[in-house]
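Engineer: The following block contains the structure, expressed as structure tokens.
The values are calculated or read from the model by the stated rules, or taken from the named source; none is laboratory data. Fair warning: this is a prediction, and the values are worked out from it, not measured in the lab. Neighbour counts are summed over all protein chains in view; Cβ atoms, including those assigned to glycine, are modelled from backbone coordinates with ideal geometry.
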Amino acid sequence: MAKLHFLYSVMNAGKTTHLLQVRHNYIENGGHVLLFTSPIDDRFGVGKVRSRIGIEADATVLRKDEAIGAIVAAEHARKKVTAVLIDEVQFMTAEQVRQLAWIVDELGIPVMAYGLKNNVYGTLFSEAIQAMMALADDFQEIKQLCHCGRKATMILKFDPNGEAVRSGPVIEVGGESRYVSVCRPHWTKGDIGPAARQLLAEAVAAAE
């Protein structure tokens, strides 16, 4: 039975690597996979999904005004779709997430949506994630560690002085060096950890 899967994590936990491995497995077994991504994150080019270890794939760019249900249904009528994979689901709209549920229920196609559950301010990332939490059949956390060794469940944004940022825009594409994944206690304390502090010190030294 097809299901709507939500695979979530903090930053730099390997979501994209996992997604691309799943895609590879489907294709290797003769599957027809549709991969969608957001136009917001275009660091590697529009319509490119690339992991931090260098593997990548082309994807269909899904804009907020597009109906993913109609897109998938049209392709499914042309050629049977085995699975739908979503990169960065947090950038979709709530209506598009509801359409993902429709794809599962009415077309019988499994959907695996990958994304961030929380934003840097300790709330659900977006209305799309609220909808995903309500509608998904299956939840899988892709785990990452805090600098203390506990499981990282939060994302901490920090300024050039290493101080936690508690206000401002949620999205800053390309600013990965200003984010660190931490456990809740260290998120509350604003403690970015020794590795992040070392990187900041090296950046300051290089700029001098």
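Engineer: Of all residues being part of a strand (DSSP E or B) and out of contact with any Leu (no Cβ under 8 Å at 6 or more places or on another chain) in segment 142-157, which is nearest to residue 200 (Cα to Cα)? Just the residue, please. Spell out how you get there, then give the answer.
Structural biologist: First pass over segment 142-157, keeping only residues part of a strand (DSSP E or B): 145, 151, 154-157.
From what is left, the residues that are out of contact with any Leu (no Cβ under 8 Å at 6 or more places or on another chain) are 145, 154, 156-157.
Values: 145: 20, 154: 20, 156: 15, 157: 13 Å.
Among them, the one singled out is 157.
Engineer: Would you check if residue 152 is farther than 21 Å from residue 92 by Cα, outside the structural domain of residue 16 (by TED's automatic domain parsing), aliphatic (A, V, I, L, M) and in contact with a Ser or Thr (Cβ under 7 Å, 6 or more places away or on another chain)? Spell out the reasoning first.
Structural biologist: Numbers: farther than 21 Å from residue 92 by Cα: yes; outside the structural domain of residue 16 (by TED's automatic domain parsing): yes; aliphatic (A, V, I, L, M): yes; in contact with a Ser or Thr (Cβ under 7 Å, 6 or more places away or on another chain): yes.
Spelling it out, residue 152 is indeed farther than 21 Å from residue 92 by Cα, outside the structural domain of residue 16 (by TED's automatic domain parsing), aliphatic (A, V, I, L, M) and in contact with a Ser or Thr (Cβ under 7 Å, 6 or more places away or on another chain).
Engineer: So in segment 102-131, with the set limited to residues that are among the charged types (D, E, K, R) and not in a loop (DSSP other than H, G, I, E, B), which one is farthest from residue 169 (Cα to Cα)?
Structural biologist: Here is the first cut: in segment 102-131, the residues among the charged types (D, E, K, R) are 105-106, 117, 127.
Pick out the ones that are also not in a loop (DSSP other than H, G, I, E, B) and you get 105-106, 127.
Numbers: 105: 35, 106: 37, 127: 16 Å.
Here the residue is 106.
Engineer: Just to be sure I understand, how many residues within segment 166-200 are assigned to a loop (DSSP other than H, G, I, E, B), of a type in the set (A, V, I, L, M, F, W, C) and surrounded by 16 or more Cβ atoms within 10 Å (Cβ to Cβ)? Before the answer, list the steps.
Structural biologist: The first filter runs over segment 166-200 and keeps only residues assigned to a loop (DSSP other than H, G, I, E, B), leaving 166-175, 183, 190-193.
Next, from what is left, pick out any that are of a type in the set (A, V, I, L, M, F, W, C): 170-171, 173, 183, 192.
Now narrow it down to the ones that are surrounded by 16 or more Cβ atoms within 10 Å (Cβ to Cβ): 183, 192.
So the count comes out to 2.
Engineer: If you go through segment 43-67, how many residues are of a type in the set (Ser, Thr, Tyr) and either under 14 Å from the mean Cα position of the chain (by Cα) or modelled with pLDDT under 80 (or both)? Show your work before the answer.
Structural biologist: Filtering segment 43-67 for residues of a type in the set (Ser, Thr, Tyr) gives 51, 60.
From what's left, either under 14 Å from the mean Cα position of the chain (by Cα) or modelled with pLDDT under 80 (or both): 51.
The total comes to 1.
Residues checked against (1) closer than 28 Å to residue 165 by Cβ; (2) modelled with pLDDT under 95; (3) surrounded by fewer than 22 Cβ atoms within 10 Å (Cβ to Cβ):
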{"site": "100", "(1), (2), (3)": "no, no, no"}
{"site": "106", "(1), (2), (3)": "no, no, yes"}
{"site": "111", "(1), (2), (3)": "no, no, no"}
{"site": "120", "(1), (2), (3)": "yes, yes, no"}
{"site": "130", "(1), (2), (3)": "yes, no, yes"}
{"site": "146", "(1), (2), (3)": "yes, no, no"}
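Engineer: For segment 72-101, which positions are part of a helix (DSSP H, G or I), over 21 Å from the mean Cα position of the chain (by Cα) and touching a residue at least 12 places away in the same chain (Cβ under 8 Å)? Give the steps one after another, and end with the answer.
Structural biologist: Step one: list which residues in segment 72-101 are part of a helix (DSSP H, G or I), which gives 72-78, 89-91, 94-101.
Next, from what is left, pick out any that are over 21 Å from the mean Cα position of the chain (by Cα): 73-78.
Within segment 72-101, 73, 75, 76 qualify.
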